[in-house]
Every structure is written in C-alpha cells, then in structure tokens.
Amino acid sequence: MTDVMLTVYHLYPDLLNLYGDRGNIIAFRRRCEWRGIAVQVREINLGERIDFTDADFLFLGGGSDREQDLMAEDLSSRRANLRDAFEDGMVTLAICGGYQLLGRYYRSLSGRVIPGLDLLDFYTQAGTTRLIGNVAVGISVPGRIVHVSGFENHSGQTFLGEIKPFGRVLSGHGNNGADGTEGARYKNVFCSYMHGPLLPKNPALTDYFIRLALERRGRDGFLAPLDDGFEDAANQVMLSRLKIL
Ligand code: GLN
C-alpha cells in the first residue's frame with residue numbers, strides 16, 4: 001500500500017509523556033511502515049496553530065496535575081477544531097491525563113478544577129488513594145473481544161455519562177475502581193488509563209486504529225498479518241500474572 005501516507009499528530013509531547021507514552025506513536029508508525037504505509041508524525045506544542053482535520057491519528061499522553069494545568073488553556077483554544085475532527089471520525093487515542101481533559105473537568109485533590117473540553121460526556125475528580133498497578137481490560141474490536149494489558153497510575157476517578165466505556169475491567173481499577181469500566185469511546189475517539197505504553201504489547205488495538213484511519217480515507221482497511229510473536233508473548237506474560245489466562 002505504497003500510495004498512501006497517514007499523518008499523526010502528537011499533542012504536547014513534552015508535557016504529556018508519562019511512562020513512555022510516546023511508545024504508542026512508535027507502535028502505530030512501525031506497524032504502518034511494516035506494511036508499506038508511510039507515516040508522518042507532527043509534534044504539536046503549546047501555541048502551535050494547526051488544523052486537526054489534516055490528521056489521521058491524534059495522540060495525547062498522560063501527565064501529572066502540574067502538566068495538565070500548563071496545557072489546559074492551550075487545549076481549550078483548540079476546542080472547536082477538535083470537535084469538528086472528532087465528529088469527522090479522526091482516530092484519537094488519549095491516555096490518562098490527556099483523556100481526563102477531553103471531559104467536563106478534572107478536580108484535583110486540592111479542590112482545584114481544571115476545565116476540560118467538555119467534548120466527551122464524563123468528569124473526573126481526584127480520590128484520596130491513587131489507583132496504581134497492572135490492569136487487564138476486555139475490549140471489543142470488530143468480531144471479537146481482545147484482552148488488553150497495561151499499567152495505570154492515577155488519582156483521578158472518572159465517571160461516565162452518556163458515553164460508552166473503552167472496555168470492561170478484568171483485573172485492576174479502571175476508571176474509578178468501582179464501576180468496572182475502563183476508559184471511554186466516542187466515535188473514533190478512544191480514551192484509556194492504560195499506560196505501558198499501551199499499543200506496543202497490544203498489536204490488535206494498534207491494527208484496529210490503523211484500519212479505522214485507512215477506512216476514514218476511503219481506503220481498504222485490510223492489513224497484511226505480521227509476526228506478532230514477541231508482542232503477544234509480552235501481553236500474555238502480563239495477562240497470566242493477572243490470572244486472566
Ligand atoms: N494527573 C492525573 C491523575 O493523577 C493524570 C495522571 C496520569 O496521566 N497518569 O489522575
């Protein structure tokens with residue numbers, strides 16, 4: 001598939017990059033390139049004006065309360081453009097701190113409220129105990145449920161409104177440690193608390209996102225199979241450690 005190039009926007013890479021979340025960009029890019037699909041990655045920092053409708057895949061990583069505070073105002077200045085891109089089916093992965101700010105607000109433990117974009121129907125408030133540890137989630141991709149593993153570390157507890165979860169917690173805390181949901185999904189916007197980074201050891205998810213991006217461009221979403229032995233083994237180790245297998 002050498003006649004297509006996918007454009008990836010990495011938003012606030014210097015601020016939202018906890019636990020090597022930029023590894024998600026690497027996984028997306030390499031699994032495209034291994035199939036002959038060219039990828040260009042643009043790092044978008046504070047104040048840099050861009051048009052999200054040019055992006056095929058948008059990534060926001062995790063960040064501490066401090067970093068979220070630093071980028072919230074800049075993010076809010078992009079609300080209308082992001083809303084249009086979300087509605088147009090732009091494939092988006094938002095992890096933890098980046099996830100939280102797509103909702104109504106994030107209220108920190110000190111009671112400080114960081115306004116979110118209010119583009120997705122959920123809110124987040126910090127709890128007194130951090131939700132930390134390895135996590136396994138059942139996620140529905142066309143035709144099957146995949147068991148995905150990751151790592152979570154957040155004080156924020158997210159409560160969903162009229163929006164689907166990304167998946168169901170099989171082991172670990174998830175959105176709030178109580179309702180069994182993990183993350184959120186709206187159209188092609190996928191939100192999760194799973195660091196790791198998430199995509200390198202969950203190739204089925206990466207390929208799902210690539211297919212969605214190609215199909216949004218009117219391209220055939222078929223992807224030649226790859227030898228995922230190493231990635232699957234890494235995932236199996238975590239799932240067996242969490243007694244999911
Ligand atoms: N600051 C947010 C929280 O503690 C997000 C943390 C993160 O991105 N890991 O919930």
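The values are calculated or read from the model by the stated rules, or taken from the named source; none is laboratory data. Owing to the predicted nature of the structure, the values given are computational and were not obtained by experimental measurement. Here the Cβ is made from the backbone with ideal geometry for all residues, glycine too, and neighbour counts use every protein chain on show.
Can you name the residue in region 1-23 that is within 13 Å of the ligand (Cβ to nearest atom) and under 23 Å from Leu82 (Cα atoms) and, of all such residues, is farthest from the chain's Cα centre (by Cα)? That would be Leu15.
Looking only at region 88-111, residues that are more than 9 Å from the ligand (Cβ to nearest atom), out of contact with any Cys (no Cβ under 9 Å at 6 or more places or on another chain) and touching a residue at least 12 places away in the same chain (Cβ under 8 Å) come to 8 in all.
Just to be sure, is Thr181 without any contact (Cβ under 8 Å) to a residue 60 or more places away in the chain, within 12 Å of the ligand (Cβ to nearest atom) and in contact with a strand residue (DSSP E or B) (Cβ under 8 Å, 6 or more places away or on another chain)? For Thr181, the condition - without any contact (Cβ under 8 Å) to a residue 60 or more places away in the chain, within 12 Å of the ligand (Cβ to nearest atom) and in contact with a strand residue (DSSP E or B) (Cβ under 8 Å, 6 or more places away or on another chain) - is not met. With the requirement that a residue be hydrophobic (A, V, I, L, M, F, W, C) and more than 14 Å from the ligand (Cβ to nearest atom), what does region 47-74 give you? Result: Ile50, Phe52, Ala55, Phe57, Leu58. Would you check if Ile50 is over 25 Å from Lys201 (Cβ atoms), buried (at least 18 other Cβ atoms within 10 Å of the Cβ) and either over 16 Å from the mean Cα position of the chain (by Cα) or free of Cβ contacts under 8 Å to residues at least 24 places away in the same chain (or both)? Criteria not met by Ile50. Residues in region 77-99 that are within 11 Å of the chain's Cα centre (by Cα) and not hydrophobic (A, V, I, L, M, F, W, C) were compared, and the one that is farthest from Tyr193 (Cα to Cα) is Thr92.
Restricting attention to region 60-78, the residues that are farther than 13 Å from Pro115 by Cα and crowded, with 22+ Cβ neighbours inside 10 Å add up to 4.
Just checking, does region 207-217 include any residue being within 21 Å of Leu102 (Cα to Cα), at pLDDT 95 or above and within 16 Å of the ligand (Cβ to nearest atom)? It would help to see each step written out before you state the result.
Restricting attention to region 207-217, the residues satisfying the condition of being within 21 Å of Leu102 (Cα to Cα) are 209, 212-213.
Cutting the leftovers down to at pLDDT 95 or above gives us 209, 212-213.
From what's left, within 16 Å of the ligand (Cβ to nearest atom): none.
Taking every residue of region 207-217 in turn, none turns out to be within 21 Å of Leu102 (Cα to Cα), at pLDDT 95 or above and within 16 Å of the ligand (Cβ to nearest atom).
Please verify whether Gly127 is assigned to a strand (DSSP E or B) and more than 16 Å from the ligand (Cβ to nearest atom), treating the condition exactly as stated. No: the conditions fail for Gly127. With respect to the stated conditions, Gly174 is within 14 Å of the ligand (Cβ to nearest atom), in contact (Cβ under 8 Å) with a residue 12 or more places away in the chain and part of a loop (DSSP other than H, G, I, E, B).
Exactly one residue out of His154, His195 is over 14 Å from the mean Cα position of the chain (by Cα), closer than 18 Å to Val135 by Cβ and either buried (at least 21 other Cβ atoms within 10 Å of the Cβ) or at pLDDT 95 or above (or both), and it is His154. Restricting region 1-24 to residues that are assigned to a helix (DSSP H, G or I) and on the phi > 0 side of the Ramachandran plot leaves a set whose member that is surrounded by the fewest Cβ atoms within 10 Å (Cβ to Cβ) is Gly20.
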